[in-house]
Amino acid sequence: MGKGKTIESFFKKQLHELNSRFNKETIELLSLSSSLISKVINVDEICLLVEKYYPQDFSDQEKIQLRYQLEIFNIEKSKNINLSGASTISDLCKRLVDTKKRETYYLVDRVIRLILTLPVSTATTERGFSAMKIFKNRLRNKMSDNYLANSLVVYIEKEIAENFDSESIIDEFKNLKGRRAELQSSLSCENK
């Protein structure tokens, strides 16, 4: 197999891996981020993707202003070595702050920050579905949505939940409403 065929095969495998890992929307948003760090920014593409994926984050007036900011930013980026040298979207975000251009291009900065939150929001969602598979199985499929949501929060945020004091939780539960029988804490049960 020639060198060209090997490289082509490698890229096909990489593309297949990306397509199976990310959905269409995520791929479009990733292309949005790559457009912002390319030599020339595709203003139309970014404006369309912002309209499609972030309609609540920008008013109609801001969407119009974003187009102008992107066009001016495109020109400045080509002339400013500090901005044109950014190799990643997070690097571009840092350079906007370092060059004090964040306020000038505040809408561009907002787009960048929204893109930077994508991996976090995707990971959180994936963790939630993984936890839901563990909790809601055939044995527990009649669990109410409220109980499931509360259980998932405790499971997903187990680092925080580990800091809870079980005695204070029992006391809080006791105080919610009257009970037919007195609840005993684990310490009082051990002493008997």
**Asked** What shape does segment 20-86 have by the C-alpha gyration tensor, where a ≥ b ≥ c are the square roots of the eigenvalues, rounded means a/c under 1.5, and otherwise prolate means a/b greater than b/c and oblate the rest?
**Response** oblate
**Message:** I'd like the FRET efficiency for T88 and I156, computed as 1/(1 + (r/R0)^6) with the beta carbon distance as r and R0 of 22 Å, rounded to 0.05.
**Reply:** 0.20
**Net length gained if the chain between S130 and D44 were fully extended (0.36 nm per residue, minus Cα distance)** = 27.3 nm
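Every number here is computed from the coordinates shown, using simple stated rules; none is lab data. All of these numbers come straight from a predicted model, not from anything done at the bench. Every residue, glycine as well, gets a Cβ built from its backbone with ideal geometry; the counts of neighbours run over all protein chains shown.
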